[in-house]
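To keep things clear, I will list the structure first and then write my remarks on it.
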Amino acid sequence: MNLDLIALASIAFLSSFGHCYGMCGGFVLAYTQLAKQIKLPFFILTFSYHFSRIFAYICLGIFFGFFGSLFSFSEVAKGVLFFIIGIFMIFLGFALIFKGKFLKFFENSYFFDCFIKNSIPKLIQKKSLKTTMILGFLNGFIPCGLVYFYIAFGMSMQNIYMASLIMFIFGVSTLPAMIFFAYFSKTMNDRFKKIASMISYVLIILYGIYFSYIGFSFTR
């Protein structure tokens, strides 16, 4: 399991330099502009924002960890869950690599666009620490293929604690790139971002193959 945690941290860290910029960059820029108008130290606002973002991931881990635990009543049910998660990871990995309409299918969210995205402009007008924290929390619910991968991995643990830990690792591992978004976006070339993202996507596919095999073994 220790190797899994290292691999999960590596996937999140590498992918954060490419994919996370595209998905969460708008949120980061919004809170950065908001921070300039709030009379509080920038590091407090940054800490509050990312604390709320990681807390949102942990909440997702608790919910889906509980859902995954419902399949622990038999080896067959566990096998089916692993197999479905594995196939999902494989498709997700290829979607992240080739992008296009396939990825849009995974990252499309009617609920997010209608209820969360439209409320952000009004939220930003309320310049306060609370606003920064709410913005960070909402960031955690952006429809994102990488978040789905970690949710799926957390479900496979069939344990609320482990699922929460996995989502926590994801949030913390993306911190370096997300905190230094402006700096890294200027200094890192596109070639490095593509290579780092590709490595993480291939690892997702390999995990998918592994989970599918484990699931198939349970159902035999």
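The values are calculated or read from the model by the stated rules, or taken from the named source; none is laboratory data. Every value quoted in this text rests on a predicted model; they were computed, and no experiment measured them. When we count neighbours, we look across all protein chains shown, and the Cβ atoms used for this are built from the backbone with ideal geometry, even at glycine.
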When I11 is run through (1) among the β-branched types (V, I, T); (2) at pLDDT below 75; (3) crowded, with 16+ Cβ neighbours inside 10 Å, the failure sits at (2)
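Take A163 and decide whether it is under 19 Å from I11 (Cβ atoms), buried (at least 20 other Cβ atoms within 10 Å of the Cβ) and at pLDDT below 80. Give the derivation first.
Values: under 19 Å from I11 (Cβ atoms): yes; buried (at least 20 other Cβ atoms within 10 Å of the Cβ): yes; at pLDDT below 80: no.
Criteria not met by A163.
Out of the residues in region 14-34 meeting the condition of being small (G, A, S), surrounded by 20 or more Cβ atoms within 10 Å (Cβ to Cβ) and part of a helix (DSSP H, G or I), tell me which one is modelled with the highest pLDDT.
Narrowing region 14-34 to residues small (G, A, S): 15-16, 18, 22, 25-26, 30.
With the extra rule that they be surrounded by 20 or more Cβ atoms within 10 Å (Cβ to Cβ), the set shrinks to 15-16, 18.
Narrowing further to those that are part of a helix (DSSP H, G or I): 15-16.
On the way: S15: 80, S16: 77.
Restricting to residues being small (G, A, S), surrounded by 20 or more Cβ atoms within 10 Å (Cβ to Cβ) and part of a helix (DSSP H, G or I), the top hit is S15.
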Answer yes or no as to whether S72 is under 26 Å from A7 (Cβ atoms), exposed (fewer than 14 other Cβ atoms within 10 Å of the Cβ) and either at pLDDT below 80 or aliphatic (A, V, I, L, M) (or both).
-> yes
Restricting attention to region 168-181, does a residue exist that is under 13 Å from A12 (Cα atoms), at pLDDT below 90 and not in a helix (DSSP H, G or I)?
-> yes
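Filter region 127-139 down to the residues that are small (G, A, S) and either closer than 22 Å to A77 by Cβ or buried (at least 23 other Cβ atoms within 10 Å of the Cβ) (or both) and list them by number. Steps first, answer last, please.
Residues of region 127-139 that are small (G, A, S), as a first pass: 128, 136.
Matches in region 127-139: G136 only.
Suppose we filter F149, F106 for residues that are hydrophobic (A, V, I, L, M, F, W, C), part of a helix (DSSP H, G or I), modelled with pLDDT under 85 and crowded, with 16+ Cβ neighbours inside 10 Å; which single one remains? Lay out the reasoning, then the answer.
On the way: F149 fails: modelled with pLDDT under 85.
Criteria check complete, one pass: F106.
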